[in-house]
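K.L.:
Let me begin by handing over the structure; questions about it come next.
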Amino acid sequence: MKRAAVPKPRVRTSAARSRTEASRRKDEEHAECLHLFTRSMDMLCIANLDGYFTRLNPAWKATLGWTLKELRARPFLEFVHPDDRDATLAEVKKLSRGDMVIRFENRYRCKDGSFRWLQWNSSTLPRSRQIYAIARDVSAQKQLEAEVLAATDREKERLAMELHDGLCQNLAGIAASAATLSRRLGARSKAGSAAAAEIAAMVNEATKMARDLAREQTPIHLRGIGLAAALQGLGANLRALFHVTCTLRCSRPSLRLGNEVEAHLFRIAQQATANAITHGGAKRIEINLTISQGKGKLSVGDDGVGIRDTNHSFKGIGLHTMMYRARLIGASLRVQPRSPRGTLVTCEFPLASR
């Protein structure tokens with residue numbers, strides 16, 4: 001009886017083995033990515049440029065309370081705070097051009113009606129209409145920043161009171177004593193009388209400077225003079241202390257915007273002018289406050305050295321504080337180069353924030 005032929009074992013070629021190994025590695029990488037996507041504490045998502053989420057990880061439900069199905073069912077702009085929608089659309093437009101979005105912040109509505117601050121890093125793949133993004137809940141950080149900002153403002157108020165009620169009063173007393181001494185010396189010692197009079201004049205000048213500093217630190221609503229007058233005073237202080245040219249243009253000087261809005265706008269102008277002088281070496285500063293069509297705009301332009309970083313990835317605490325103050329009143333803030341030289345800081349705010 002003839003024995004049946006036993007088939008020989010199939011020998012895989014090196015090319016086949018390589019393809020199998022590559023496929024295995026690809027499957028492992030996919031599994032690892034899926035594991036990271038689902039287990040990440042940050043909020044990961046894929047969205048299309050038409051305005052809808054297509055994929056989200058479970059961190060979204062844990063943070064906002066919406067189910068992933070609910071988040072995908074509506075345009076993502078509907079979850080954005082109304083005051084942040086224009087800025088969000090501007091960032092989406094950047095993504096559609098292929099630009100990256102770094103550390104953009106906006107507020108997202110939770111299912112219970114509250115809002116959480118999210119910080120975004122986003123990009124699109126070449127020739128793709130999909131957005132790949134990471135969002136991080138920074139609400140606790142925002143609360144801490146607000147508390148630090150409030151503490152800073154309280155300390156400025158305390159310093160203003162100390163300058164006005166303490167140092168200024170002492171200086172005024174010294175000036176009065178020097179003036180009395182000058183009169184008493186009179187004809188008996190013309191040199192001594194002149195020296196005492198000079199001391200009195202110098203102390204009076206120091207008193208004026210201390211009062212100007214105190215006035216600059218004092219909250220606008222406590223002085224009752226309004227934003228336009230406060231900015232006018234800021235310009236006068238800059239001219240006296242730093243010998244720069246500072247002009248103010250205001251379309252409606254008598255308009256009151258509310259205590260909080262005026263205070264934050266004044267601090268923004270204060271920080272912008274300080275940056276222009278300290279970091280930009282500016283000799284000329286222009287402050288403009290305009291009100292038109294239900295919106296306001298505060299701008300500070302200078303002729304200093306300008307900014308080198310046009311991507312706005314600023315590290316300075318002053319610029320960060322200005323941007324945070326703007327967000328607190330529902331405003332947007334831009335910092336950009338000014339032609340032919342210098343920097344322009346623009347803060348646009350809604351009058352509805354009053």
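The values are calculated or read from the model by the stated rules, or taken from the named source; none is laboratory data. Note that this is a predicted model, so its numbers are computed, not measured. Here Cβ is always computed from backbone atoms with ideal geometry, including for glycine, and neighbour counts include all displayed protein chains.
K.L.:
Hey, LEU227 hits all of (1) out of contact with any strand residue (DSSP E or B) (no Cβ under 8 Å at 6 or more places or on another chain); (2) within 24 Å of GLU348 (Cα to Cα) but one; which does it fall short on?
P.N.:
(1)
K.L.:
β-branched (Val, Ile, Thr), modelled with pLDDT of 90 or more, assigned to a strand (DSSP E or B) and in contact with a helix residue (DSSP H, G or I) (Cβ under 8 Å, 6 or more places away or on another chain): is that true of ILE291 in this structure?
P.N.:
Details: β-branched (Val, Ile, Thr): yes; modelled with pLDDT of 90 or more: no; assigned to a strand (DSSP E or B): yes; in contact with a helix residue (DSSP H, G or I) (Cβ under 8 Å, 6 or more places away or on another chain): yes.
So ILE291 fails the test.
K.L.:
Report yes if THR88 is free of Cβ contacts under 8 Å to residues at least 12 places away in the same chain, of a type in the set (Ser, Thr, Tyr) and either in contact with a Gly (Cβ under 8 Å, 6 or more places away or on another chain) or assigned to a helix (DSSP H, G or I) (or both), otherwise no.
P.N.:
no
K.L.:
Test each condition in (1) farther than 29 Å from ALA263 by Cα; (2) surrounded by 12 or more Cβ atoms within 10 Å (Cβ to Cβ); (3) within 24 Å of the chain's Cα centre (by Cα) for LYS93 and report the one that comes out false.
P.N.:
(2)
K.L.:
Yes or no: GLY342 closer than 21 Å to ILE225 by Cβ, modelled with pLDDT of 90 or more and buried (at least 19 other Cβ atoms within 10 Å of the Cβ)?
P.N.:
Working: closer than 21 Å to ILE225 by Cβ: no; modelled with pLDDT of 90 or more: yes; buried (at least 19 other Cβ atoms within 10 Å of the Cβ): yes.
No; evaluated as a whole, the condition is false for this residue.
K.L.:
Tell me, yes or no, whether the stretch 139-147 has at least one residue that is modelled with pLDDT of 90 or more and not in a helix (DSSP H, G or I).
P.N.:
Taking every residue of the stretch 139-147 in turn, none turns out to be modelled with pLDDT of 90 or more and not in a helix (DSSP H, G or I).
K.L.:
Collect the residues in the stretch 43-85 that are touching a residue at least 60 places away in the same chain (Cβ under 8 Å), aliphatic (A, V, I, L, M) and either at positive phi or not in a strand (DSSP E or B) (or both), keeping them in residue-number order.
P.N.:
The answer is LEU49, and nothing else.
K.L.:
Using beta carbons and a limit of 8 Å, which pairs, at least six apart or on different chains, have the first residue in the stretch 323-352 and outside any loop (DSSP other than H, G, I, E, B) and the second one polar (S, T, N, Q) and exposed (fewer than 15 other Cβ atoms within 10 Å of the Cβ)?
P.N.:
Matching pairs, first to second residue: GLN336/THR310; PRO337/THR310; THR343/GLN336; LEU344/GLN336; THR346/GLN336.
K.L.:
Of all residues being over 14 Å from LEU64 (Cβ atoms) and touching a residue at least 24 places away in the same chain (Cβ under 8 Å) in the stretch 102-119, which is surrounded by the most Cβ atoms within 10 Å (Cβ to Cβ)? Just the residue, please.
P.N.:
Taking the stretch 102-119 as the starting set, the residues that turn out to be over 14 Å from LEU64 (Cβ atoms) are 102-105, 119.
Filter once more, keeping what is touching a residue at least 24 places away in the same chain (Cβ under 8 Å): 102-103, 105.
Numbers: ILE102: 13, ARG103: 12, GLU105: 18.
Step by step, filter the stretch 102-119, then rank; the result is GLU105.
K.L.:
Scan the stretch 137-155 for residues that are in contact (Cβ under 8 Å) with a residue 60 or more places away in the chain and closer than 20 Å to ALA214 by Cβ and report the count.
P.N.:
Qualifying residue count for the region: 1.
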